[in-house]
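I have placed the structure first, in the form of structure tokens, so that the comments after it can refer back to it.
The values are calculated or read from the model by the stated rules, or taken from the named source; none is laboratory data. The structure displayed is predicted, hence computed values, not measured ones. No Cβ is skipped: glycine too gets one built from the backbone with ideal geometry, and neighbour counts run over all protein chains shown. Accessible surface areas use protein heavy atoms only, side chains included; no ligands, DNA or RNA. Shrake-Rupley method; radii C 1.70, N 1.55, O 1.52, S 1.80 Å.
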Amino acid sequence: MTKAFLIVSVACNVWFLFLLFYDRIMDTKLIRFFRHIAGLWRSLDSTVAEQGKDKEIPHADTSDIIGKSRFKMASTRTTAAIPTQEAATSEKGIELTEEEATFDDGNTE
């Protein structure tokens, strides 16, 4: 049981280090070489598949399949819901004298 726990622990640590250094690993010359070979292999495979595909199936006109959209966007806001500018309007308030505008500090003397 201890050996299994140690193997799982080491495997998790290796996986964590791989994720941590993924960018550096992918920039090494060996990995770039293998990626280049894989891309070359895929491009050769796709050109063979495209050549056989073009001969078998004629191209269809996609405008008949899709059709015209019938979607209509409804207005979500009315003109009454749009707020007016408050700063442009004048507001009548209560006129205060200078004595009423001062604060009381609590000392009567």
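Note on Met26 and Thr76: the model spin-label points, each 7 Å out from Cα along the C-beta direction, lie 3.6 nm apart. Solvent-accessible surface of the stretch 1-47, taken per residue with a 1.4 Å probe and all protein chains present: 99 Å². Stretching the chain fully between Cys12 and Ile37 yields a gain of 6.0 nm (0.36 nm per residue, less the alpha carbon separation).
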